[in-house]
Amino acid sequence: MKPKIGIIGSGNVGTALRRGLEGTGYTVQSAGRDPNGLLTTAAWGEILILAVPFGAIDDVLRQVGDTINGKILLDVTNALTPDYQLALGCTTSGAEELQRKVPKAKVVKAFNTMFAQNMSTGKVKGEKLTLFVAGDDGTAKNLVLSAGRDIGFDPVDAGPLKNARWMETLGYFNIQLGYTLKMGTEIGFKLVH
């Protein structure tokens, strides 16, 4: 039986992941900014997808409180400043800092290295994108790898959560290629393995 997935965030990323997950048989509930909706979704989901801007994480964590304890918290954010620069260096990551803030949750990093419109299918121009998944809890990581495979990605175990440092810089590089270098959003990364 597939786990119930709660999505915290109703923007482009949250909407695309909901579409991709529901299309493959997952039961999904999502919440935007409404505090009651956030709390209800956090309490209901077995896997919680954190699909909010990096600067909103602390506020969301305050609102959901202990409801995330013991749950898989899937961090799809990129640690960027409002002007799209890396918010953290290469000695830590947003995901590692998140795990420190919620030590009783099982943080997994994934889906941050691609543009939102490619998240519902796992493909760009007919090619499967690589979904890198990093985390310290093997069971949690395997559930995320399975969900990615179900959507259509080529999921790759990217090792421990500390490897989110490199995934976040890869996500930043993807944004640079797409927007700053004007390649557009119909691009993505594929690991040949």
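The values are calculated or read from the model by the stated rules, or taken from the named source; none is laboratory data. Computed from a predicted model, the values in this text were never measured in an experiment. Every residue, glycine as well, gets a Cβ built from its backbone with ideal geometry; the counts of neighbours run over all protein chains shown.
Here is the figure for segment 142-193: residues that are touching a residue at least 60 places away in the same chain (Cβ under 8 Å), assigned to a loop (DSSP other than H, G, I, E, B) and either surrounded by fewer than 20 Cβ atoms within 10 Å (Cβ to Cβ) or aliphatic (A, V, I, L, M) (or both) total 7. Being farther than 20 Å from residue 136 by Cα and touching a residue at least 60 places away in the same chain (Cβ under 8 Å) is true of residue 12. Output the residue which, of all residues in segment 1-56 that are of a type in the set (S, T, N, Q) and outside any strand (DSSP E or B), is nearest to residue 149 (Cα to Cα). Filtering first and then ranking leaves 24. If we scan segment 56-77, do we find a residue that is under 20 Å from residue 174 (Cα atoms) and of a type in the set (Gly, Ala, Ser)? So far as segment 56-77 goes, no, none of its residues is under 20 Å from residue 174 (Cα atoms) and of a type in the set (Gly, Ala, Ser).
Scanning segment 1-54 for residues being within 19 Å of residue 65 (Cα to Cα) and among the hydroxyl-bearing types (Ser, Thr, Tyr) gives a total of 3. Considering segment 97-111, and only residues there that are free of Cβ contacts under 8 Å to residues at least 60 places away in the same chain, touching a Leu at 6+ places or on another chain (Cβ under 8 Å) and assigned to a loop (DSSP other than H, G, I, E, B), the residue that is nearest to residue 50 (Cα to Cα) turns out to be 110.
Here residue 112 meets each of (1) of a type outside the set (Val, Ile, Thr); (2) modelled with pLDDT under 95; (3) surrounded by 13 or more Cβ atoms within 10 Å (Cβ to Cβ); (4) within 28 Å of residue 64 (Cβ to Cβ) with one exception, condition (2). Filtering segment 33-57 down to residues that are touching a helix residue (DSSP H, G or I) at 6+ places or on another chain (Cβ under 8 Å) and without any contact (Cβ under 8 Å) to a residue 40 or more places away in the chain, which residue is surrounded by the fewest Cβ atoms within 10 Å (Cβ to Cβ)? So, considering only residues that are touching a helix residue (DSSP H, G or I) at 6+ places or on another chain (Cβ under 8 Å) and without any contact (Cβ under 8 Å) to a residue 40 or more places away in the chain, the one surrounded by the fewest Cβ atoms within 10 Å (Cβ to Cβ) is 35. Is it true that residue 60 is touching a helix residue (DSSP H, G or I) at 6+ places or on another chain (Cβ under 9 Å), in a helix (DSSP H, G or I), under 25 Å from residue 114 (Cβ atoms) and at pLDDT 95 or above? Criteria met by residue 60.
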